[in-house]
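In what follows, a single structure is set out as structure tokens and then discussed.
The values are calculated or read from the model by the stated rules, or taken from the named source; none is laboratory data. Every value quoted in this text rests on a predicted model; they were computed, and no experiment measured them. Methodologically, a virtual Cβ is constructed for each residue, glycine included, from the backbone with ideal geometry; neighbour enumeration extends over all protein chains shown. Just the protein is used for accessible areas: all its heavy atoms, side chains included, with ligands, DNA and RNA removed. Shrake-Rupley method; radii C 1.70, N 1.55, O 1.52, S 1.80 Å.
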Amino acid sequence: MDRRDTASHCGRSSASARGQGRGRGWRGREEGRGRGRGAAPSPPPTSYSTSSFPAAGSATAADTTGGDAPPIVGSCPDMCPARERAQRERLRDLALFERVGGDPARTSTSLAVKKVSHPFSPCARGGQTISSTSVQASDIRALPVLRETMDYLLHLLDSSEHKFEIVHDFIFDRTRSVRQDLSMQNIVNEQAIHIYEDVRLASSYQDSDASSMCYLNMEQLMKCLLSLFDMYDAIHKNNSQSSKEAEYYSFYVLLHLGCKIPKMVDSLSLWYGHLPASIVRSKEMIFARSILRCYHIGNFKRFFCTIAAEATDLQLRLLEPFLNEARVRALMYFNHSGYKLQRHPLTHLSEILMIEELELEALCRLCGLEISENEDTKAFAPKQASFCIPGSIPQSNGIYISRESQR
């Protein structure tokens with residue numbers, strides 16, 4: 001079976017969502033758990049170094065506060081240290097998932113998860129986080145406990161009892177805390193790598209335009225990747241390798257699409273030269289480089305067809321925030337090409353850009369394009385001076401595949 005036949009059944013179901021059953025399907029994000037479809041907030045300016053990677057611990061320097069202190073060997077047996085748990089109960093600073101019977105002043109060892117600590121910053125409701133100068137081994141979770149914590153957080157991703165924004169904000173903070181504990185202990189082994197890879201998995205569910213923390217998700221993802229790359233280098237010295245290594249290296253390449261992070265394309269060619277040949281020649285990296293090439297040369301038909309046919313689930317989740325940016329850029333090319341009398345039918349464009357026609361129409365109007373309708377066929381004429389790239393673009397629901405296009 002062609003992969004696109006399988007992909008058409010992944011993600012949101014057009015028949016159930018629209019009630020029409022037109023033989024079409026989505027591959028990508030589901031509409032469940034209250035995810036919004038508004039415009040994504042514009043990220044603030046930032047910068048990342050790509051010519052060299054910090055050490056595994058320094059990649060999370062913004063989250064840790066140990067400075068030059070030697071690594072700590074954690075001894076906390078619970079997902080949340082007893083000292084923090086008691087403090088947060090006293091301050092009634094418990095998330096919805098941490099409350100026993102909905103009581104904001106009562107939790108348990110099986111519900112409470114350690115919060116990320118910010119040095120010299122007040123905690124919620126006027127409290128203070130535990131200062132790094134007073135960190136004890138009992139405040140830091142041991143590696144098996146961190147593994148247990150990540151399993152618990154990944155389980156919460158499937159929660160349908162609360163809105164996505166509530167789940168997102170909780171998991172975002174608690175995964176940062178997991179990274180913080182790993183960094184404080186300077187743990188570099190295969191178990192730590194698997195935890196970092198799971199943090200990336202959790203981040204893929206958090207890339208939602210409905211949350212005000214969209215930019216912070218990208219920042220956390222970049223920090224996770226930088227730490228992972230250093231850990232990969234470390235285990236290579238012991239002739240070991242992660243089975244997901246090639247896929248996670250491909251994420252770094254895919255992050256160069258669109259405007260979600262600063263442009264780093266000039267450094268990619270140098271970065272490739274430092275990678276092992278097995279990674280550069282892997283199918284995951286070949287896919288990522290092909291996608292990036294198609295995007296920059298404007299071959300959007302191949303861009304979307306390749307994603308639909310070859311992207312892994314994690315790659316697709318990472319690409320979702322960039323899909324509508326690519327579609328807007330494709331609309332710009334269509335608007336600047338052709339003759340004024342040669343109109344572009346939305347039905348045809350929706351097949352190329354793999355987006356539902358109604359959503360494509362909304363995207364065209366957002367870009368200032370005037371849509372005309374003739375005999376139930378909607379189209380827009382090129383050379384429209386009113387076209388502009390919007391400051392904020394709604395996030396895509398994924399790849400929309402029609403049965404007709406597969407034939």
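Observations on the structure shown:
- Selected residue (criterion: nearest to residue 322 (Cα to Cα)) from residues of region 378-400 that are open to solvent by less than 20 Å² (accessible area, probe 1.4 Å) and part of a strand (DSSP E or B): 398
- Taken together, the residues in region 149-172 that are among the acidic types (Asp, Glu), closer than 22 Å to residue 194 by Cβ and in a loop (DSSP other than H, G, I, E, B) amount to 1.
- Summed over region 77-90, residues that are closer than 23 Å to residue 165 by Cβ and in a loop (DSSP other than H, G, I, E, B) total 2.
- Candidates 306, 347: the one that is over 27 Å from the mean Cα position of the chain (by Cα) and touching a residue at least 12 places away in the same chain (Cβ under 8 Å) is 347.
- Scanning region 98-147 for residues that are open to solvent by less than 20 Å² (accessible area, probe 1.4 Å), at pLDDT 95 or above, in contact with a helix residue (DSSP H, G or I) (Cβ under 7 Å, 6 or more places away or on another chain) and in a helix (DSSP H, G or I) yields a total of 1.
- Region 83-103 residues that are free of Cβ contacts under 8 Å to residues at least 24 places away in the same chain, paired with ones that are open to solvent by 40 Å² or more (accessible area, probe 1.4 Å) and acidic (Asp, Glu) (beta carbon under 9 Å, 6 or more apart): 94/103
- Selected residue (only one of 322, 304 is part of a helix (DSSP H, G or I), at pLDDT 95 or above and either within 30 Å of residue 198 (Cβ to Cβ) or β-branched (Val, Ile, Thr) (or both)): 304
- The lone exception for residue 329 - which of (1) over 20 Å from residue 289 (Cβ atoms); (2) open to solvent by 20 Å² or more (accessible area, probe 1.4 Å); (3) part of a helix (DSSP H, G or I); (4) not small (Gly, Ala, Ser) it fails: (1)
- Inter-residue pairs, beta-carbon under 7 Å, first without any contact (Cβ under 8 Å) to a residue 60 or more places away in the chain and in region 180-191, second open to solvent by 20 Å² or more (accessible area, probe 1.4 Å) and among the basic types (Lys, Arg), 6+ apart: 191/147
- Taken together, the residues in region 336-361 that are touching a Pro at 6+ places or on another chain (Cβ under 8 Å) and not in a loop (DSSP other than H, G, I, E, B) amount to 2.
- Test: residue in region 339-361 that is open to solvent by less than 30 Å² (accessible area, probe 1.4 Å) and charged (D, E, K, R): yes
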